[in-house]
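Inspection log for the structure reproduced underneath, given as structure tokens.
The values are calculated or read from the model by the stated rules, or taken from the named source; none is laboratory data. Computed from a predicted model, the values in this text were never measured in an experiment. Every residue, glycine among them, receives a Cβ derived from its backbone with ideal geometry; neighbour counts consider all protein chains shown. Side chains are part of the model used for accessible areas, which takes the heavy atoms of the whole protein and leaves out ligands, DNA and RNA. Shrake-Rupley method; radii C 1.70, N 1.55, O 1.52, S 1.80 Å.
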Amino acid sequence: MTAPLHDTSAAESAAVATPDVPQKAIEGRSLGRIAWTRLKRDKVAMAGGAVVLVLVVLAALSQPIQWVFGLDPDALHQDLIDPSLATPIGSFGGISWEHPLGVEPKFGRDIATRILEGSWVSLLVAFGSTLLSVLIGSVLGVVAGYYGGWADTVISRMMDTFLAFPLLLFAISISAALQGGAFGLEGLPLHIGVLIFVIGFFGWPYIGRIVRGQTLSLREREFVDAARSLGARGPFIVFRELLPNLVAPILVYATLLIPTNILFEASLSFLGVGIQPPQASWGGMLSSAVDYYKVDPMFMVVPGTAIFLTVLAFNLLGDGLRDALDPKSSR
């Protein structure tokens, strides 16, 4: 007769000595950190962000860079221009070590320096007009979405009216009418101010509609009901509860709106009602290149490439931010 087999009891198992295994502390992550982690995984968006960062730094430091290296965007180099054709001497628009992007036809101004000089103008107009559109559109959109009723009706009809405007023609007429001087300003400050106002003021309905739609869904959420139950009034809920929760879509759309405004500024300068010469601007350089694109195509290729790369970088960054800030994203 064999001895019965006895199962090892729980007490005996617990008595078995096991080495202490260090437990890794569970670390909580904020929504911002989660979004940053997702964004870092998107190599295309990070590349676009790197290009945007370089462009912003160059634009912000364009004046010191010109001063340190002795660059002058308005300096003429008539010795580099063929007097009979008014085109740069040499191939590819007069590219050389001293002028890596060539020189302009007729005047012989260094294109690289003028691209650098025009960068801060284009980005200043784009960022300023985007900020104006975001401020107006966010406030009116969240008010329309939260209060509803007659406020929603009035603001929505305002959006429809602004969207129905022939914006390009209206911008051309306003810019042309204020070329001489207005509001105590003249010259470059006036042109920049007019462009920021025109582009930003007539661009707010686009972001206003997005914010209104997001607010319609957020106003029924539990945290809004909790704020109401604690006695919070409408303005407090709008600016302290709803707007902070709308930062993500506002940031994404603002990033995508900046390249649109860059193109708009370039279009107005191209049509002659934006930044006026001799101040360098990318759109103005494209406008001047129209007369020479057959004999000197580089004069059109360089500013066109600058606009293309800037718009592409902002769009790639905006797409990456949209995916990173989307709570339903699987990245």
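Among helices (runs of 4 or more DSSP H) lying entirely in region 215-331, which contain 2 or more residues that are in contact with a helix residue (DSSP H, G or I) (Cβ under 9 Å, 6 or more places away or on another chain) and charged (D, E, K, R)?
Numbers: elements: 222-229, 247-270, 282-289, 298-324.
Helices (runs of 4 or more DSSP H) meeting the threshold: 298-324.
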Would you mind telling me which numbered condition in (1) open to solvent by 10 Å² or more (accessible area, probe 1.4 Å); (2) within 15 Å of the chain's Cα centre (by Cα) GLU265 fails? (1)
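Residue under question is GLY128, and the condition is that it be in contact (Cβ under 8 Å) with a residue 60 or more places away in the chain, of a type outside the set (A, V, I, L, M, F, W, C), assigned to a loop (DSSP other than H, G, I, E, B) and open to solvent by less than 50 Å² (accessible area, probe 1.4 Å); does it hold? Give the derivation first.
Numbers: in contact (Cβ under 8 Å) with a residue 60 or more places away in the chain: yes; of a type outside the set (A, V, I, L, M, F, W, C): yes; assigned to a loop (DSSP other than H, G, I, E, B): no; open to solvent by less than 50 Å² (accessible area, probe 1.4 Å): yes.
Answer is no for this residue.
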List pairs: first residue in region 277-300 and among the small types (Gly, Ala, Ser), second residue open to solvent by 40 Å² or more (accessible area, probe 1.4 Å) and not in a loop (DSSP other than H, G, I, E, B) anywhere in the structure, Cβ distance under 8 angstrom, at least six positions apart or on different chains. GLY283/SER267; GLY283/PHE270; GLY284/PHE270; SER287/PHE270; ALA289/MET300
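Determine whether ILE307 is within 16 Å of the chain's Cα centre (by Cα), open to solvent by less than 60 Å² (accessible area, probe 1.4 Å) and on the phi < 0 side of the Ramachandran plot. Walk me through how you get there before you give the answer.
Numbers: within 16 Å of the chain's Cα centre (by Cα): yes; open to solvent by less than 60 Å² (accessible area, probe 1.4 Å): yes; on the phi < 0 side of the Ramachandran plot: yes.
Here the answer is yes, as ILE307 does meet what is asked.
Return the residues of region 161-172 that are open to solvent by 60 Å² or more (accessible area, probe 1.4 Å) and over 13 Å from PHE197 (Cβ atoms); say none if nothing qualifies. Spell out the reasoning first.
Step one: list which residues in region 161-172 are open to solvent by 60 Å² or more (accessible area, probe 1.4 Å), which gives 161, 164-166, 168-170.
Scanning region 161-172 gives THR161, ALA164, PHE165, PRO166, LEU168, LEU169.
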Tell me which residues, restricted to region 195-206, are in a helix (DSSP H, G or I) and touching a Ser or Thr at 6+ places or on another chain (Cβ under 6 Å). ILE196, ILE199, GLY200, TRP204
